[in-house]
1. Pick out which of 37, 63, 25 has the largest mean-square fluctuation in a Gaussian network model of the chain, springs linking Cα atoms closer than 10 Å.
2. Let me check I have the definition right: for the chain, take the eigenvalues of the Cα gyration tensor, multiply each by 5, take square roots. What are those semi-axes in whole Å, largest first?
3. In nm, to one decimal, how far is the residue 15 label point from the residue 28 one, both placed 7 Å along Cα→Cβ?
4. In debye, nearest 20: dipole of the chain around its Cα centre with unit charges on the Cβ of K, R (+) and D, E (-)?
5. Just to be sure I understand the rule: take each whole DSSP H helix in the chain, project its Cα atoms onto its long axis, keep it if the span is 20 Å or more and its mean Kyte-Doolittle hydropathy is at least 1.6. Which ones pass?
6. Tell me, what is the percent relative contact order of the chain, built from C-alpha pairs under 8 Å that lie six or more residues apart?
7. For the residues 51, 74, what sequence is obtained by ranking on other C-beta atoms within 10 Å, fewest first?
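All of the numbers you see were taken from the coordinates with simple rules; none came from a lab. Keep in mind that what you see is a predicted model, and the values were worked out from it rather than measured. Reconstructed Cβ throughout: ideal geometry from the backbone, glycine too, with neighbour counts over all protein chains shown.
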Amino acid sequence: MYYPCRGCHHQSTLTSGTVFAASKLPLTTWFLALHLLTASKTNLLALELMRHLGVCYRTAWTLRHRIMQAMAER
């Protein structure tokens, strides 16, 4: 769903400019991944994330990488 700007009429989504941008995964999967990564006492590997979320390894690796990168920037 796109939302237009009242000033310039540029259309954007709610997730544009965030870590969730350009992702086809539902936000519930992203939030579960965020919870698992932040709640674990040890470093959660992409393989463990793959098993918990039920996604392929490449998707789990991308999720983990983007979340960790966003956490490092803050």
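1. Maximum fluctuation in the GNM of the chain, among the listed residues, is at 25.
2. On the way: eigenvalues 160, 36, 17 Å².
They are 28, 13, 9 Å, listed from largest to smallest.
3. Calculated label separation equals 1.4 nm.
4. On the way: 8 positive and 2 negative charges, 7 e Å.
So the dipole magnitude of the chain works out to roughly 40 debye.
5. Working: long enough: 57-73 (24 Å, -0.58).
Qualifying helices: none.
6. Details: 46 pairs, mean separation 15.4, N = 74.
After rounding, I find 21 percent.
7. Sorted ascending by nearby Cβ count, the order is 74, 51.
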